[in-house]
Amino acid sequence: MNAPQAALRADPGSFAHIRCDAAIPLRRPLSIMRAERSAGWLEFLYKPVGAGLAALAHREPGERLSILAPIGVGFMPDPARPRILALGGGVGIPPIVFLAQELRERTEFELFVMMGSEVPFPFDLATPARAIAGIPESASQSIALLERWGIGSRLASRAGLPGCFAGFVPELADKWLRASAPRELARTQILACGPEPMLRATADLAYAHDLPCQVAVEEYMACGVGGCAGCTLTIHGANGAAMKRVCGDGPVFDARGVYPTPSTSH
């Protein structure tokens, strides 16, 4: 999608609010998967589920769309923790691709990506360039695009997809973290986007390994610009709990703000 001004300002974790069709009054929020600043375009990945996105899937190349973008606060990697574990699950995969695009030439960071899906991944897959300690042999495939960027990745699925770890992506991440030396854990942070159960499990993982963690959350929203307060979320901080808007204050928050304690099941 050509959107030169939005492409210049987009950050991984930010999103666009798109009018899918003139007959559908409410816009739909979509995470930005890639932005090419010099060429002025944005790329999105979505499933045509529901009337809005089904209508968007039928728009023709060259049509003009009304979009508000970029919206929200994206990921803010901490340079003091240069070893980044990035987790993306389902509809949370696009922001992690964008994160990889942005960090691929920032040599101060070391990025390792894990993605989970219950349907076939909509990317070309490849054989990883190198083995990774703690990763089971069953996780034998990676994302070809990330391999070309020099970024390691592994996949997880409970749907029996070939080349994938048979489980949830936080379970695969736990194996990798447990194989990491203490000095490496001290350099590690987690950035994650995905469905709520995955984010809850990721927050528990961060608690278990005493790691900082940022999560990109999803909420239903109407206006997307903070006016309707329809996407508020309770965030816990040093001064207690406060209601925050996912569209304007997020969608990326500190995991401990969203999940102030480990779950009882952990």
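Residue selection: L8 satisfies the criterion of being modelled with pLDDT of 95 or more, hydrophobic (A, V, I, L, M, F, W, C), surrounded by fewer than 16 Cβ atoms within 10 Å (Cβ to Cβ) and more than 30 Å from R183 (Cα to Cα). Taken over region 193-217, the criterion of being touching a Cys at 6+ places or on another chain (Cβ under 8 Å), small (G, A, S) and under 20 Å from C231 (Cβ atoms) is satisfied by A203, A216. When region 109-131 is filtered for residues that are assigned to a loop (DSSP other than H, G, I, E, B) and in contact (Cβ under 8 Å) with a residue 40 or more places away in the chain, the ones remaining, listed by number, are S117, E118, V119, P120, F121, P122.
Summed over region 51-79, the residues that are assigned to a loop (DSSP other than H, G, I, E, B), in contact (Cβ under 8 Å) with a residue 40 or more places away in the chain and surrounded by fewer than 18 Cβ atoms within 10 Å (Cβ to Cβ) give a count of 4. Of the numbered conditions (1) in contact with a Leu (Cβ under 9 Å, 6 or more places away or on another chain); (2) over 21 Å from D204 (Cα atoms); (3) in contact (Cβ under 8 Å) with a residue 24 or more places away in the chain; (4) not polar (S, T, N, Q), P170 fails exactly one; give the number of that condition. Going through (1) in contact with a Leu (Cβ under 9 Å, 6 or more places away or on another chain); (2) over 21 Å from D204 (Cα atoms); (3) in contact (Cβ under 8 Å) with a residue 24 or more places away in the chain; (4) not polar (S, T, N, Q) one by one, P170 breaks only (2).
Within this structure, R59 passes the test of being among the basic types (K, R) and farther than 23 Å from P251 by Cβ. Scanning region 193-207 turns up one or more residues that are free of Cβ contacts under 8 Å to residues at least 60 places away in the same chain, surrounded by fewer than 20 Cβ atoms within 10 Å (Cβ to Cβ), under 21 Å from the mean Cα position of the chain (by Cα) and farther than 30 Å from G50 by Cβ. When A51, A126 are screened for being modelled with pLDDT under 95 and more than 20 Å from A6 (Cβ to Cβ), only A51 passes.
Residues checked against (1) surrounded by fewer than 19 Cβ atoms within 10 Å (Cβ to Cβ); (2) touching a Gly at 6+ places or on another chain (Cβ under 9 Å); (3) modelled with pLDDT of 95 or more:
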{"position": "L146", "(1), (2), (3)": "no, yes, yes"}
{"position": "L155", "(1), (2), (3)": "no, yes, yes"}
{"position": "R158", "(1), (2), (3)": "yes, yes, yes"}
{"position": "P162", "(1), (2), (3)": "yes, no, yes"}
{"position": "G167", "(1), (2), (3)": "yes, yes, yes"}
{"position": "R178", "(1), (2), (3)": "yes, yes, yes"}
{"position": "E184", "(1), (2), (3)": "yes, no, yes"}
{"position": "T188", "(1), (2), (3)": "no, no, yes"}
{"position": "L191", "(1), (2), (3)": "no, yes, yes"}
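The values are calculated or read from the model by the stated rules, or taken from the named source; none is laboratory data. Quick caveat, the model's predicted, so the values are computed rather than measured. Note that we place each Cβ from the backbone using ideal geometry, even for glycine, and neighbour counts take in every protein chain shown.
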